[in-house]
Amino acid sequence: MKEINRLSKLRATVRIPGSKSITHRAIIAASLADGRSVLRDFLECEDTLFTINALREIGVQISIEGNDLKIEGRGGKFGAGPIRKEIYLGNSGTSLRLFLSVAALCRGELLITGTERMQQRPVGPLVIALNRLGVDVSCIEKDGFPPVLIRARGIPGGRVLMDGDQSSQYLSSILLSGPYADRDIEIEVREKLVSRPYVDITVNVMKEFGIKVERDNYDSFRISSGRKYRAGEFAIQGDVSSASYFWVAAAVTGGQIITENIYPHTTRQGDIRFLDVLGEMGCFIEKGSDRVAVKGRSLSGIEVDMGDLPDMVPTLAAVALFARGKTIIRNVPHLRHKESDRLHAVALEWRRIGGRIEELPDGLIIHGGAPLSGTDVSPHDDHRLAMSLAVVGLRVPDLEVRDKHCVNKSFPSFWALWNSMREASGGLGPSHERVDRVLGDDIFERNHL
């Protein structure tokens, strides 16, 4: 159980760890490259370790050396395995979906599975698309859901129609492994593609490793066969999604914070647009070349389409509790298939503390200004709910978050950094974790953007 002590003044600087989304994709590209790659400042968390271990299972040599990841790429060639090898990916939907297409490049039978919750998360459109590209892959228990069995013998290639309204990771999976298909791959996306910025991350990582994707906006993509990723060094920038919890800490307390290792003008991480949402709600935003400053001011509710920013929905829901008027969040039905049913889980837990919230089929309506009281709350084993509830606890006394360690999925150092932020602001009580670097109250004056 994690008690979140109330904080009335916030003034601190936090350096944000590497991006989870970029780390996943860079690990795969480096593993498919021919030769040694070094990933600088990669994110070591539960999800990325699942990706690493899966690739080790098919013969990729990967070593962790401090903040660097060293990978001996196999050039897309993986030897024959046993009659059947089982690869367990926990509840990392990103790992499972991105790895499925890599697994298809192997030889032999691979059973890809995960937790009970993973087996409730859809993967059908990716399985169908791989089938149409000539891969022998099937869902062996429930149609459209893991466990997935691949009788791997490569990806023949060709043209495929793919549904894009559930997850962009289906598309990213085929893009990443596409250069090693027997023939060119052409993908036409049906329906509106959700989470589009994550596809931009995929395409950019591929470009950094020497592969260009031909595309027509988000409607069609083409990957030429016969090319190989180029091994090399790759620096991974800070995770914008992780930075968001510190931004909204400033928003709800009326304080001010600087997040370092964030590149607002050049990043391909779509969640950087969450700064625009906070600005619309009333926050003061300042962007530097490698950092972002946020200062909280009086907050107003907004209506916003979060279809391209789905991971930011619980974060926005936390801010909305303290904004004047109502906040309407729309176009995120795919949030029901994350680590939890995030729409239902947010509605349930926010109501437990007194929040006025309506659950929609594709979103939420949050009425700000309701009287709130602390109690123990559950993150539903969902890292993003746990971190969003930490934000709520800055304003609501006696709030306790159960199962706090679920943040290890994406942000193992979250609670330590959270407490360093509080200590820098003079708001940390006894018996809390510490980190080596603690910054003083004058941080905003000493760090000019």
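The values are calculated or read from the model by the stated rules, or taken from the named source; none is laboratory data. Remember, it's a predicted structure, so these values are computed and weren't measured experimentally. No Cβ is skipped: glycine too gets one built from the backbone with ideal geometry, and neighbour counts run over all protein chains shown.
Applying the set (1) over 30 Å from residue 416 (Cα atoms); (2) at pLDDT 95 or above; (3) among the polar types (S, T, N, Q) to residue 167 leaves exactly one unmet item: (2).
Do you know which of the residues in the stretch 141-166 that are part of a loop (DSSP other than H, G, I, E, B) and among the small types (Gly, Ala, Ser) is nearest to residue 179 (Cα to Cα)? Break it down stepwise before answering.
Within the stretch 141-166, the subset part of a loop (DSSP other than H, G, I, E, B) is 141-147, 154-157, 164-166.
Narrowing further to those that are among the small types (Gly, Ala, Ser): 144, 154, 157, 164.
On the way: 144: 26, 154: 12, 157: 10, 164: 21 Å.
It comes out as 157.
Among the candidates 211, 187, which residue alone is part of a strand (DSSP E or B) and in contact with a Phe, Trp or Tyr (Cβ under 9 Å, 6 or more places away or on another chain)? Quick ask: steps written out before the conclusion?
On the way: 211 fails: part of a strand (DSSP E or B).
Checking each option against the conditions leaves just 187.
Residue 285 falls short on exactly one of the conditions (1) surrounded by fewer than 22 Cβ atoms within 10 Å (Cβ to Cβ); (2) touching a residue at least 40 places away in the same chain (Cβ under 8 Å), and that condition is (2). So the check is Cβ under 9 Å with 6+ separation or different chains; which pairs have a first residue in the stretch 351-374 that's under 18 Å from residue 330 (Cα atoms) and free of Cβ contacts under 8 Å to residues at least 12 places away in the same chain and a second one that's crowded, with 18+ Cβ neighbours inside 10 Å and among the β-branched types (Val, Ile, Thr)? What qualifies is 358/365; 358/366. Does the stretch 99-109 include one or more residues that are over 19 Å from residue 150 (Cβ atoms), surrounded by fewer than 16 Cβ atoms within 10 Å (Cβ to Cβ) and touching a strand residue (DSSP E or B) at 6+ places or on another chain (Cβ under 9 Å)? No, there is no match, as no residue in the stretch 99-109 is over 19 Å from residue 150 (Cβ atoms), surrounded by fewer than 16 Cβ atoms within 10 Å (Cβ to Cβ) and touching a strand residue (DSSP E or B) at 6+ places or on another chain (Cβ under 9 Å).
Remark: pairs (first residue in the stretch 201-226, within 16 Å of residue 158 (Cβ to Cβ); second residue outside any strand (DSSP E or B) and of a type in the set (Val, Ile, Thr); Cβ separation under 7 Å; 6+ apart in sequence or on different chains) = 221/213; 223/213.
Please verify whether residue 137 is surrounded by 20 or more Cβ atoms within 10 Å (Cβ to Cβ), in the same structural domain as residue 188 (by TED's automatic domain parsing) and either on the phi > 0 side of the Ramachandran plot or more than 20 Å from the chain's Cα centre (by Cα) (or both), treating the condition exactly as stated. If you could, list the steps in order and put the result at the bottom.
Working: surrounded by 20 or more Cβ atoms within 10 Å (Cβ to Cβ): yes; in the same structural domain as residue 188 (by TED's automatic domain parsing): yes; either on the phi > 0 side of the Ramachandran plot or more than 20 Å from the chain's Cα centre (by Cα) (or both): yes.
Yes; evaluated as a whole, the condition is true for this residue.
Quick check on the stretch 234-281: of everything there that is in a loop (DSSP other than H, G, I, E, B), free of Cβ contacts under 8 Å to residues at least 40 places away in the same chain and not β-branched (Val, Ile, Thr), which residue is surrounded by the most Cβ atoms within 10 Å (Cβ to Cβ)?
Within the stretch 234-281, the subset in a loop (DSSP other than H, G, I, E, B) is 236-237, 239, 254-255, 261-269.
From the residues that got through so far, the ones that are free of Cβ contacts under 8 Å to residues at least 40 places away in the same chain too are 263-267.
Then keep just the ones that are not β-branched (Val, Ile, Thr); that gives 263-265.
Values: 263: 18, 264: 21, 265: 9.
Within the stretch 234-281, the match that is surrounded by the most Cβ atoms within 10 Å (Cβ to Cβ) is 264.
Checked against (1) part of a helix (DSSP H, G or I); (2) touching a residue at least 60 places away in the same chain (Cβ under 8 Å); (3) within 18 Å of the chain's Cα centre (by Cα), residue 336 meets all criteria but (2).
Quick grid of which residues meet (1) of a type in the set (Phe, Trp, Tyr); (2) in contact with a strand residue (DSSP E or B) (Cβ under 8 Å, 6 or more places away or on another chain):
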residue: 234; (1), (2): yes, yes
residue: 250; (1), (2): no, yes
residue: 257; (1), (2): no, yes
residue: 261; (1), (2): no, yes
residue: 271; (1), (2): no, no
residue: 292; (1), (2): no, yes
residue: 295; (1), (2): no, yes
residue: 300; (1), (2): no, yes
residue: 312; (1), (2): no, no
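Taking residues in the stretch 315-330 that are at negative phi and in the same structural domain as residue 249 (by TED's automatic domain parsing), and partners anywhere that are assigned to a strand (DSSP E or B) and among the charged types (D, E, K, R), the pairs with Cβ atoms closer than 7 Å and at least 6 places apart or on different chains are 328/303; 330/305. Could you list all residues from the stretch 315-356 that are in contact with a Ser or Thr (Cβ under 7 Å, 6 or more places away or on another chain), surrounded by fewer than 24 Cβ atoms within 10 Å (Cβ to Cβ) and closer than 18 Å to residue 304 by Cα? Once the filter is applied, which keeps residues that are in contact with a Ser or Thr (Cβ under 7 Å, 6 or more places away or on another chain), surrounded by fewer than 24 Cβ atoms within 10 Å (Cβ to Cβ) and closer than 18 Å to residue 304 by Cα, the stretch 315-356 yields 323, 324, 325, 334.
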